[in-house]
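Worksheet for the structure shown next.
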Amino acid sequence: MNNPQGAEHQSLSELDETRRYFLGRGAGVGLGAMALNVLGSESKNGQAEGATGKLAGTDFAPKAKRIIFLTQSGGPSQIELYDEKPGLLKMAGKELPASVRNGQRLTAMTAGKDQLVMPAHSKFRRHGESGATVSNWLPHIGAIADELCFVKSMTTDQINHAPAMTRFLTGHHLIGRPSIGSWFSYGLGSSNRDLPDFLVLLSKMKRGSDQPLYDHYWGSGFLPSVYQGVKLRSAKDPVLYLRDPDGLPRHLRRNMLDGLGQMNQLRFEQTHDPEIETRIQQYEMAYRMQASVPELTDVSDETESTFELYGPDSRRPGSYAANCVLARRLAERGVRFIQLFHPDWDHHSRLKSWCTARCRDTDQASAALVRDLKQRGLLEDTLVIWGGEFGRGVAGQGKWDSPEGGRDHHPRCYTVWMAGGGIKSGTTYGATDDFSYNVAENPVHVRDLHATVMHLMGINHEQFSYRFQGLDFRLTGVEEARIVRDILA
């Protein structure tokens, strides 16, 4: 503890304050950083290229340098999109066998009601040399099936949206843990000093969405707040409070930040509060972003063929397609973790019209992103992930044979796909039973997905932790998590 006047002149309250910061937050930063630096010094590969985070070296050779996470919020129906079950036609309108449900929990919306089987509303076909089954609602994704790895045996243990998405993105269903992007920001940093390590893009829907996207989905939890995701807005000011007031010259802003930084540094030396360091770093980042963000969001240098590739909606600022274009631009600029959120996949009713609308929003742009990354030589070291917090159940919600019918939440099995970044392309992994109700082969829990993604980024999930309130926390938690090696290239 730095005290230029000597410890004998430091008041009891100041000692108390410093001790609280060290034990509550400072110890986590200091000891966590030291442990990670030890891991880095023992790395087989040494310094990770462009790394500015706490993990100075990676545990083994990374296959991916960056992640683009296409988060589909609300629970896309695997039954309509990827998991073909033709046998459901024979069971249409019949009660789901008790041996299949096996007493599994239902939400309050369908518990105690008839569980009548509703076949898929879509049609399926096999695509490419891999023969992957993809719905006719997703023709563009089907066309790139040989670039993708479909994991059809994803499973989670949360049945409602907020805890399931929190689990999907932070490894735990309770609020307060760092998001996956924050973990990578903390561990690896970014190779672009003018943009944050972790950037978030939310779709601006043509109509208002009643499905909330909570800030903790990209929050830093107990990590210093410098590692939280920075949300870009589809507005004149992509980041609020970034622009200088009219009439304030650039050199005056620089002088002001220099003086403020000196005062904050003096306070940090008194308290050792890591949030003061965060404040200093964020002011400097904001200063640099005043130039980098306008350059990023000015897409006037994009070619006409790029907009044609991503679809007509790519010209509408804030759309999912426009955000996919920005995601590629961020990847080109070395941002470590890029997360897109597209809501309204919650199909309790009108599934046929509602789900097809979300497919139209996302199908062409998702496929275009993979194609665009590949043609620019970026897909090889960029890991693209597409998926939501859970799937949908086989029983119809409402009248199963009505256009108004929908499906309830289903955590026991669902599908995600990945591409690039060390993933084996043209692969389908795992399988479900004849009702797409239970995992039949090779279950992949959310924590297994996290362990695999960390492995691809060169991090050993069992060793990468952060000490908080006396405990060593990991993204994958304390339960056993496995790397799904069969899907690695």
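Read the figures in this text as sums done on the coordinates, not as results from a lab. Quick caveat: nothing in here was measured; it's all calculated off a predicted structure. Ideal geometry is used to build each Cβ from the backbone, glycine not excepted, and the neighbour counts take in all protein chains shown.
Whole number please: convex hull volume per residue of the Cα set in region 378-489, in Å³?
Cα-based convex hull of region 378-489, divided per residue, equals 154 Å³.
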- Message: What's the magnitude of the charge dipole for the chain around its Cα centre, counting Lys and Arg as +1 and Asp and Glu as -1 at the beta-carbon? Answer in Debye, nearest 20.
- Response: 820
- Message: Once you keep just the Cα pairs under 8 angstrom separated by 6 or more residues, what percentage relative contact order results for the chain?
- Response: 27
- Computed E for MET109/TYR214 - FRET, C-beta separation, R0 25 angstrom, nearest 0.05: 0.75
- Message: I need the shape label for region 142-233. Rule: rounded when a/c is under 1.5, else prolate if a/b > b/c, else oblate, with a, b, c from the alpha carbon gyration tensor.
- Response: rounded
- Greater than 19 Å apart at Cα, pairs in LYS65/LYS204; LYS123/LYS204; LYS204/LYS352; LYS85/LYS152; LYS152/LYS399; LYS65/LYS152: LYS65/LYS204; LYS123/LYS204; LYS204/LYS352; LYS152/LYS399; LYS65/LYS152
- Excluding residues fewer than 8 positions from LYS231 in its own chain, the aspartates and glutamates with Cα under 13 Å of it are ASP197, ASP215
- Note: ASN460 to THR303 extended length (0.36 nm per residue) minus current alpha-carbon separation gives 52.5 nm
- Query: Between the helical axis of 161-170 and the dominant principal axis of the chain, each derived from Cα atoms, what acute angle in degrees is found, rounded to the nearest 10?
  - Reply: 50
- Query: 222 nm [θ] for the chain, helices only, -39500 (n - 2.57) per DSSP H run of 4+, per residue, to 500?
  - Reply: -10500 deg cm²/dmol
- Query: Lys/Arg Cβ at +1, Asp/Glu Cβ at -1, dipole of region 158-222 taken about the Cα centre: which of THR166, SER203, GLY219 is farthest positive-ward?
  - Reply: SER203
- Distance in nm between pseudo-label sites at ARG482 and LYS94 (7 Å out along the Cβ direction from Cα): 3.3
- Message: Below 12 angstrom from the Cβ of PHE473, what's the summed charge of the other residues (Lys, Arg +1; Asp, Glu -1)?
- Response: +2
- Item | Potential extension, ASN102-GLU295 segment - 0.36 nm per residue separation minus Cα distance | 64.0 nm
- Query: Classify region 305-363: rounded, prolate or oblate, from the alpha-carbon gyration tensor (a ≥ b ≥ c, eigenvalue square roots; a/c under 1.5 rounded; otherwise prolate if a/b is larger than b/c)?
  - Reply: oblate
- Message: Among DSSP bridges having both ends in the chain, what percentage is antiparallel? Round to the nearest 5.
- Response: 50
- region 333-360 to region 70-148: how many Å between their Cα centroids? 16
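If you average 1/r across every pair of different Cα atoms in region 306-450 and take the reciprocal, what Kirkwood value do you get, in Å?
So the Kirkwood estimate lands at 17.0 Å.
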- Item | Computed FRET value (nearest 0.05) for LEU471 with ARG350, which takes r as the C-beta separation and R₀ as 56 Å | 0.80
- Note on the structure: Gyration tensor (Cα only) of region 369-439 to equivalent ellipsoid, semi-axes in Å sorted down, yields 33, 15, 9
- Query: Among the lysines, which have Cα under 19 Å from the Cα of LYS63 when same-chain residues fewer than 8 positions away are ignored?
  - Reply: LYS44, LYS374, LYS424
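Report the calculated FRET efficiency for ASP433 and LEU252 (r = Cβ-Cβ distance, R0 = 60 Å), to the nearest 0.05.
After rounding to 0.05, the efficiency reads 0.35.
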- Under the classification rounded if a/c is under 1.5, otherwise prolate if a/b is larger than b/c and oblate if not, where does region 195-257 fall, given a ≥ b ≥ c as square roots of the Cα gyration tensor eigenvalues? oblate
- Percent of alpha-carbon pairs separated by more than 31 Å within the chain: 46
- Once the principal axes of the Cα atoms of region 428-489 are found, what is the range along each, listed largest first in whole angstroms? 46, 27, 12
- Gain in length, ARG360 to GLU380, computed as 0.36 nm per residue apart minus the alpha-carbon separation, to one decimal in nm? 4.5 nm
- Degrees between helix 446-456 axis and first principal axis of the chain (Cα, 0 to 90, nearest 10): 60
- Query: Excluding same-chain residues fewer than 8 positions from LYS113, which aspartates and glutamates have a Cα within less than 13 Å of its Cα?
  - Reply: GLU95, ASP408
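Compactness ratio of region 80-126: Cα Rg over 2.2 N^0.38 Å, N = residue count?
Numbers: Rg = 12.4 Å, N = 47, 2.2 N^0.38 = 9.5 Å.
Scaled against compact globular proteins, the figure is 1.30.
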